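Data block below; observations after.
Rule-based calculations on the coordinates, nothing more; no lab input. As the structure is a prediction and not an experimental result, all values here were calculated from the model. Every residue, glycine among them, receives a Cβ derived from its backbone with ideal geometry; neighbour counts consider all protein chains shown.
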Amino acid sequence: MPRASLPISDGPAGTGQGLSDTVPMAASAGGLDALLGWARACPRLFVLTGAGCSTASGIPDYRDEGGAWKRPQPVTYQAFMGDDAVRRRYWARSMIGWRVMGGAVPGTAHRALAALEAMGRVEMLLTQNVDGLHGAAGQQRVIDLHGRIDTVRCMACEARMPRALLQSWLEDRNPAWAALTATAAPDGDADLDGRDFSAFTLPSCPHCGGGPLKPDVVFFGESVPRERVEAARAALGRSHGLLVAGSSLMVYSGFRFVQAAADAGLPVAAVNRGMTRADGLIAVKVEDDVGAVLEALVDALAGDPPAAAGVPQGA
């Protein structure tokens, strides 16, 4: 795709201050100032976030800086729905892992993106994460592409219930399992292997008495609901640029939005440690801590005159 000609700015108008002056960073000043210039050229952003935004909140991620799996791939939708044994293993691990996921609070990246939205610079934030931390940070325009782990869905009657309520049920009926500890894993999981899960009591739906119960998230092998994809594409069409924050984009459900932006001629920037699947489509990339970079970006943009943060008429 032809790259947009983006200004490399020294800082907010009239100040001579660049991103490299706002916070000490390991990345080059040119990359940071290029991101600031890119953001000024794209006043209305479509933001696509991934696991890198939530690692500072204590939630592990799946991939290393080369984009490779750090651990075995997650359970698939087909395996979960087709086998009681898989569901017992899933819910036993989830009962332990929920202690970290349920207690997680927004980090610097979440707060910075909420501040960017409050400045009028975010058309939509599309997150691949299921932790709900963008909303907890005050983000208003959010699409949870892969759903929310804090909600549980009955696959028989479609009833929903809070995950925290199910946690009490699981612990009451599985006291020996509740006494265990394990290392936290991504998406509310825990490394609880080498055990016989056959005695674990599975939850049933309190509404219909059946089930199975499943977290209201999109598993591997499951399709993202069409309405979420359509809402995200519509928001992308109203945006001036796409910002990737904390994602390697190895999962196609997120990567396709970068492809769509490139096809539409929208400039793409990324803040992510390590490679991404879309490196060939990215105009500006900063490989550093996503929270620190976004915080620095917000601080620099806060010095702009109000007109610089506005949306062009007719957009």
Next item on the list: Scan around LEU249 for amide H atoms under 5 Å from its own, H built in the peptide plane at 1.01 Å from N, and keep only partners 5 or more places away or cross-chain.
Entry: ARG277
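How big is the C-alpha Rg of region 97-152 next to the rule-of-thumb value 2.2 N^0.38 Å, as a ratio?
On the way: Rg = 11.4 Å, N = 56, 2.2 N^0.38 = 10.2 Å.
Region 97-152 yields a ratio of 1.13.
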Notebook entry, point to check: Given region 115-210 reduced to its alpha-carbon atoms as identical point scatterers, what log10 I(q)/I(0) does the Debye formula return at q = 0.18 Å⁻¹?
Noted result: -1.00
Note to self: Using a Förster radius of 22 Å, what is the FRET efficiency between GLN73 and ASP196 based on their Cβ-Cβ separation? Nearest 0.05, please.
What the structure shows: 0.45
Item checked: Distance in nm between pseudo-label sites at GLU222 and ALA164 (7 Å out along the Cβ direction from Cα) -> 2.2
Check: Which whole-Hz ³J(HN,Hα) couplings does region 250-257 yield from phi under the Karplus relation 6.51 cos²θ - 1.76 cosθ + 1.60, θ = phi - 60°, glycine and proline marked x?
Finding: 6, 8, 4, 4, x, 4, 4, 6
Margin query: Could you give me D for region 165-246, from Stokes-Einstein at 37 °C and 0.692 mPa s, where the hydrodynamic radius is the Kirkwood radius over C-alpha pairs? Units µm² s⁻¹, please.
Written below: 195
Note to self: Per-residue counts of other Cβ atoms within 10 Å, averaged by peptide: what ranking do you get for 292-304, 36-48, 149-161, 99-111, highest first?
What the structure shows: 36-48, 292-304, 99-111, 149-161
Margin query: Under 8 Å for C-alpha pairs, at least 6 residues apart: give me the relative contact order for region 92-167, rounded to a whole percent.
Written below: 26
Item checked: Net charge over other residues, Cβ less than 15 angstrom from the Cβ of ARG99 (K, R count +1; D, E count -1) -> -4
Note to self: Please give the charge dipole size of region 107-191, origin at the Cα centre, charges +1 on K and R Cβ atoms and -1 on D and E Cβ atoms. Round to the nearest 20 debye.
What the structure shows: 240
Margin query: Spelling out what I want: for every residue of region 82-87, take phi, set θ = phi - 60°, compute 6.51 cos²θ - 1.76 cosθ + 1.60 (Karplus), and round to whole Hz; glycine and proline get x.
Written below: x, 8, 4, 5, 5, 5
